[in-house]
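Participant: Structure incoming, see below.
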Amino acid sequence: MSHKSFVWICLLPLAAVTAAFFLLPMTRLLVTGAEGPRGLAEYLAILLEPRYRATLLNTVLLAAATTIATLVVATIAGLFLQRHRFPGRAILVAILTFPLAFPGVVIGFMIILLAGRQGLVGEVSSRLTGDKLVFAYSIYGLFLGYLYFSIPRVILTIMAAAQKLDPGLEEAARSLGAGPWAVLRDVILPALVPALVASGAIAFATAMGAFGTAFTLATNIDVLPMLIYTEFTLAGNLATSAALSVGLGVMTWLILALARSFTGNSVAAAG
């Protein structure tokens, strides 16, 4: 058997899986989106219809806020954990990455236990002020849930990138009179930019398409995953739900593609 024939045989399983689980479903999704009464104009509905446009704006703003907050928290925590050794460090890292094992519905349930109608925050605020604070079902509860499952995805990347930083550059900066903040601003953060962009893109893409947490918490706000679900299951509008799905996928793919072009090949597909 020639080398070329062997390569083609090895590629057959990949081609079959790609065709069965990506090309055929995506083709069917594209066709379904254009089969509605409006035809190809169905794909413009996400921008032209006020409800869809408002939902898109909510989703993008929520994903952007989640990404920014995640990068801030994960960068501070990741740098500290990577550069300090103390008793219980391994346990703390395990706790911070534990949400990776939780599905979105479980995270949503935890937010309800924290800030729902019978949650801990409501009980404490009721005793202190007489008013029960409930925000689990608002954009703030959804933001907290997204933040909870985004931090582990970013903090591991930051810790790995921080481990590879050259300590000699920081020492050189200090020897030239740079203070801690100057070293952070001029040496550490610029070196972490590729990791920040890569992990930020994944956090943004994950927040754009997260369904389980939104399904549990998004009762007072519309986000694209829930809009697609309601159009498909409650309204039976296959064309609109397919068009919205394609629009969501394209926007997420563009964010990942831009990040990949900026950082090379370090951005993986978000799950």
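The values are calculated or read from the model by the stated rules, or taken from the named source; none is laboratory data. The structure presented is a predicted model; accordingly, all values stated were derived computationally and were not measured. Ideal geometry is used to build each Cβ from the backbone, glycine not excepted, and the neighbour counts take in all protein chains shown. Just so you know, the surface numbers come from the protein's heavy atoms only, side chains and all, with ligands and any DNA or RNA stripped out. Shrake-Rupley method; radii C 1.70, N 1.55, O 1.52, S 1.80 Å.
Participant: Which of rounded, prolate, oblate describes segment 44-171, given a ≥ b ≥ c as roots of the alpha-carbon gyration tensor eigenvalues and a/c under 1.5 marking rounded, otherwise prolate only if a/b is larger than b/c?
Facilitator: Oblate is the answer for segment 44-171, as a/c is 1.5 or above yet b/c matches or exceeds a/b.
Participant: Carbon and sulfur together cover what percent of the accessible area of segment 1-114 at a 1.4 Å probe radius?
Facilitator: Taking all protein chains in place, segment 1-114 shows 80 percent carbon and sulfur surface.
Participant: Okay, moving on. Using a 1.4 angstrom probe with every protein chain in place, what is the largest-first accessible-area order of Asp166, Asp131, Asp222?
Facilitator: Asp131, Asp166, Asp222
Participant: Would you tell me the accessible area of Thr206, worked out with a 1.4 angstrom probe on the heavy atoms of the protein chains, in Å² to the nearest 10?
Facilitator: Accessible area, nearest 10 Å²: 10 Å².
Participant: Another one. Once the dipole of the chain is set up with Lys and Arg at +1 and Asp and Glu at -1 on Cβ about the Cα centre, which of Phe143, Pro87, Leu184 lies farthest towards its positive end?
Facilitator: Result: Pro87, furthest along the dipole toward the positive end.
Participant: Report the longest stretch of the chain that contains none of the trypsin sites (Lys or Arg not before Pro) sitting in a DSSP loop with at most 11 other Cβ atoms within 10 Å.
Facilitator: By the stated rule (loop sites, at most 11 other Cβ atoms within 10 Å), 165-271.
Participant: How do Met110, Met226 rank by accessible surface area computed with a 1.4 Å probe, from largest to smallest?
Facilitator: Met110, Met226
Participant: In addition: Can you compute log10 of I(q)/I(0) for the chain with the Debye formula, treating each Cα as one identical point scatterer, at q = 0.11 Å⁻¹?
Facilitator: Relative scattering, expressed as log10 I(q)/I(0), comes to -0.80.
Participant: What does the accessible area per residue of segment 21-82 come to in Å², with a 1.4 Å probe and no ligands, DNA or RNA counted?
Facilitator: Averaged over the residues of segment 21-82, the accessible area is 58 Å².
Participant: In what sequence, largest accessible area first, do Phe211, Phe204, Phe22 appear using a 1.4 Å probe?
Facilitator: Phe22, Phe211, Phe204
Participant: Also: What percentage of the solvent-accessible surface of segment 117-271, computed with a 1.4 Å probe over protein heavy atoms, is contributed by carbon and sulfur atoms? Please report the intermediate quantities before stating the final value.
Facilitator: Numbers: 5160 of 7980 Å².
Heavy-atom surface of segment 117-271 belonging to carbon and sulfur, 1.4 Å probe: 65 percent.
Participant: A follow-up question, please. Can you find, among Thr219, Ala243, Ala207, the residue sitting farthest towards the positive end of the charge dipole of the chain, where Lys and Arg contribute +1 and Asp and Glu -1 at Cβ?
Facilitator: Result: Ala207, furthest along the dipole toward the positive end.
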